[in-house]
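Novice: One structure coming up, written as structure tokens, with questions to follow.
A short reminder: the numbers here are calculations on the coordinates, not readings from a lab. From a predicted model like this one, the values you see are computed outputs, not experimental measurements. Methodologically, a virtual Cβ is constructed for each residue, glycine included, from the backbone with ideal geometry; neighbour enumeration extends over all protein chains shown.
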Amino acid sequence: MKLEDWHTHNDLCRHAIGKCEDYITKAIELSLTTIGLSDHFPYGYLSPVLPSINEIPYQEYSMNIEEIQLYLDNLENLKEKYHSKIDVKIAFEIDFFKDHEQTLNGHLNPFKKRLDYILGSVHMLFGTGGIFAFDDRRFLDKYNNYNSIDEIYILYYNTVQEMIKTKHFEKDIISHFDLPKKFNKRPIDKENIMNKVTETLELIKKSGLTVEINTSGLRRDVGEQYPSLEIIKLMYELDIPILLGSDAHHPDEIAHDFLHIIDILRKTGYSQLAHYEKRKRYWIEI
Ligand SMILES: [Zn+2]
Ligand SMILES: [Zn+2]
């Protein structure tokens, strides 16, 4: 069986340990057939157009704009160096910021042809009390600006829906779909939130996107993958393509718990996972 990890970071983003090459050699050691390097796209382009970004320590979240070139050159060399041992895929995880797609694309377009796929993510919310990095533990007190956790879930899924609908925001895969559960803050009116989840999944299906099964939640307070088994079952019913990502911020986290997750996916009914090359989707059997 082929094992592929589509979501990894490295020390360029300032909050992960290990060089790109360390992730590749570790993936070879683990007998993976594909390793996707998908570091955070720079936030720096937002500083002139979205001053509130300065309320967030975005320099600790990603590489600088000037490092994009270095990152891609390095990955292309490594892809060549290890091509007989593993298939290295070149990617970015890009955060969605409403109304700033044009500025983003100005920085992304020169490099777009070099990418195998793009992970589309929502880590920042704009609501009561301004910009909010809701998955950063340092901002936990900001949760108090909201009447209930459900408000955050709704705001999050509305933002994900906008990301999906915004044609000029390029993405192939939706990352960590139910991320607001990260600190184990669960919805109060579960039915209401699940309706929002279903609405979002239907939009994903219509848009032809893939959803990542992200195992990093198993290493966090929440103790389960993103998304939950309940949502995975819904995705199977809707025939939504999936693939696996560890969200590794250390080489030891590569393909974390993948065999356990593949077992769950098979029981759900999934027999194929998506695979990307140059922004085109292929399939592998599980
Ligand atoms: Zn990260
Ligand atoms: Zn992420």
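Novice: Scan segment 196-209 and give yes if some residue there is in a loop (DSSP other than H, G, I, E, B) and in contact with a Leu (Cβ under 6 Å, 6 or more places away or on another chain), otherwise no.
Specialist: No, every residue in segment 196-209 fails to be in a loop (DSSP other than H, G, I, E, B) and in contact with a Leu (Cβ under 6 Å, 6 or more places away or on another chain).
Novice: Are there any strands (runs of 3 or more DSSP E) wholly within segment 56-133 with 3 or more residues that are buried (at least 22 other Cβ atoms within 10 Å of the Cβ), and if so which?
Specialist: Counting at least 3 such residues, we get 87-95, 117-121.
Novice: Would you be able to tell me the number of residues in segment 171-185 that are assigned to a loop (DSSP other than H, G, I, E, B), within 12 Å of ligand 2 (Cβ to nearest atom), crowded, with 21+ Cβ neighbours inside 10 Å and without any contact (Cβ under 8 Å) to a residue 60 or more places away in the chain?
Specialist: Residues meeting the conditions: 1.
Novice: Taking the stated definitions as given, is residue 168 in a loop (DSSP other than H, G, I, E, B), out of contact with any His (no Cβ under 7 Å at 6 or more places or on another chain) and more than 16 Å from ligand 2 (Cβ to nearest atom)?
Specialist: Yes, satisfied.
Novice: Restricting attention to segment 186-215, and to residues there that are in contact (Cβ under 8 Å) with a residue 12 or more places away in the chain and more than 28 Å from residue 100 (Cα to Cα), which single residue is surrounded by the most Cβ atoms within 10 Å (Cβ to Cβ)?
Specialist: Here the residue is 215.
Novice: I'd like to know if segment 93-101 contains one or more residues that are among the aliphatic types (A, V, I, L, M) and away from ligand 2 (no atom under 16 Å from the Cβ).
Specialist: Looking for residues that are among the aliphatic types (A, V, I, L, M) and away from ligand 2 (no atom under 16 Å from the Cβ), one finds none in segment 93-101, hence no.
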